[in-house]
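Data first, discussion second: the structure below is written as structure tokens.
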Amino acid sequence: MTSMDSQEAVFEAYVKYQSEKLKQLKADSRVSEFQLRHADMELEQAKKRLKGGSASDSALVSNSVILKVPKGTRDFGPAQMRLRSEVLDKITDVFKRHGATQLDTPVFELKDILTGKYGDDSKLIYDLKDQGGEILSLRYDLTVPFARYVAMNKISSIKRYQIAKVYRRDNPAIGRGRYREFYQCDFDIAGQYDSMIPDAECVKLLDEILSCLDVGPYVIKLNHRKILDGIFEVAEIAPDSFRGVSSTIDKLDKSTWEEVAEELRSLRKLNKEQIATIAQFVRISGPLPKVLNILMTNSKFMSSSLGREGIDSMIPLIQFVQIMGVEERRTVFDLSLARGLDYYTGIIYEAVVTSQGDSLGVGIGSVAGGGRYDELVGMFDANQRQVPCVGVSIGVERIFSILELKQNDSKKAGHVQVYVTSAQKGMAEQRLRLVEMLWKAGIKAEVSYKPNPKLLQQLQYCEENNIPLAIVIGEDEVQRKVVKLRNVKERKEDEVSESEMVAELKKRLDMPLDVNSEVKRNDDQNCNLE
């Protein structure tokens, strides 16, 4: 193949990639018009390069390599990273407030550790090539590595949190926050407790996080694995088929009942009567006490010993959740909730951000999930020592996508609070002296790196980057030891002395006057929490 043929093949591949990308975006109702126009423009440019351009015309092709991120991943610029940092800080604060300590585990595990833990989703695990005698896989979630850690270190009780990336060979949907590489934020309680208090605390923690992140209307769906198993028992399904049937039921949030019923018939080999019995129950959802009463008054369901065990667990859970202040309107008992992962044994829950005005609708989709898994640790212990666990995992990428959509880029608040400018030449040292004063006072400040920047360009930079305040100085201000404080949006200036500059800025920024004492106070609180 000639060099020209090679370049043409690269452009053809890139056009195909952009065409597929545009197709996926058009099929996603959440994608904005701006994103569609941008993708369409990229496709047209790619077609032009294919017709008559060369590699030197393209900023996206270098040495016959298409410069793009792998499928199911994305780059995050400064604006996105600022948002991500703020979200993760808030989540971490909630984790610490509930007394959790932080853990970390390797990004890859022995393949045998992950095998057989995820049901049908096991096919989504990324396997790695043999690198010196160990068969490894990228971690699929943070729960199985945590269970391995507990078993390996002979831990009997721990409350931990972990924020780290996981990897799934799934079909990505970037517009909806579904990636192949993404962060999870996990909170887990391990230990032998006779009550449902740890389970209720996980529901409460989830409610706190979604409330403080302001993701919009949401609902926390709850169910119990033994209630599902009771339904399957009533339907006369063989126990060794429970997990497979559960994985199929778990698809109801993305598929119609007709599609799920067909899979139950063709893949799970259930007959019409069994499918009809399942349908009778999984279509029931509503307030916790109401659904609980429906189940308790159904003699057919209550004939199942597994179902009764699930009911016995849900009764105190509902009571504890109410005592902990989780509003009833934010919880729903949904018998279709299955959580297809094999390791769940008890309470299961999932948080869904709903459409405005539809408190129980599907809306944007699931942003968190979790439940009780009492037998997972024992799978890794040589003596099959069981350590009961319950936890919750926050799908933070979906939350990032929701918050990004809510933000209007033109009104997005900037990270920098104050920009130090000068109106004349030869003021670099004075600008640096003032910005150092702001940094020392805990104010987020910036200054131009040019030795003699033009004032208009400096002020335009403030407007373009949504910096609310600017300090303006000239030779006269330096001699009189004053500065001009400029409200960038209103374009109004007030003169204050250098000695009062920091106090006045903090007043306008609504910051504590003594930043050092505030930092110490926060540190003391964190120490007490941990």
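The values are calculated or read from the model by the stated rules, or taken from the named source; none is laboratory data. As the structure is a computational prediction, the values presented were derived from the model and not from experiment. Note that we place each Cβ from the backbone using ideal geometry, even for glycine, and neighbour counts take in every protein chain shown. What goes into the accessible areas is simple: the full protein's heavy atoms, side chains included, and nothing from ligands, DNA or RNA. Shrake-Rupley method; radii C 1.70, N 1.55, O 1.52, S 1.80 Å.
Of note:
- Loop trypsin sites (Lys or Arg not before Pro), region 90-198, which have at most 12 other Cβ atoms in a 10 Å radius of their Cβ (DSSP): 129, 154
- By average C-beta atoms within 10 angstrom, highest first, the peptides 365-372, 232-239, 454-461: 365-372, 232-239, 454-461
- Cα gyration tensor shape for region 59-166, rounded if a/c is under 1.5, else prolate or oblate: oblate
- Surface composition of region 78-174: carbon plus sulfur atoms contribute 51% of the solvent-accessible area (1.4 Å probe, protein chains only, all chains present).
- Reach of residue 272 by Cα under 16 Å, taken over lysines that are not fewer than 8 positions away in the same chain: none
- Only lysines eight or more places from residue 129 in sequence, or on another chain, were considered; those with a Cα closer than 28 Å are 68, 71, 111, 117, 165.
- Whichever aspartates and glutamates have a C-alpha closer than 12 Å to that of residue 159, once near sequence neighbours (fewer than 8 apart) are set aside: 186, 188, 201, 530
- Among the lysines of region 418-517, pairs that are 8 or more positions apart or on different chains and have alpha carbons within less than 13 Å of each other number 5.
- Loop-located chymotrypsin sites (Phe, Trp or Tyr not before Pro) in region 65-115, at most 12 other Cβ atoms within 10 Å (DSSP): 76
- Positive minus negative residues near residue 477 (Lys, Arg vs Asp, Glu; Cβ under 15 Å): -2
- Candidates per GluC sites (Glu not before Pro) in region 255-335, loop by DSSP, up to 16 other Cβ within 10 Å: 327
- Other residues within the sphere of radius under 14 Å centred on the Cβ of residue 342, judged by their own Cβ, net out at -2 (K and R +1, D and E -1).
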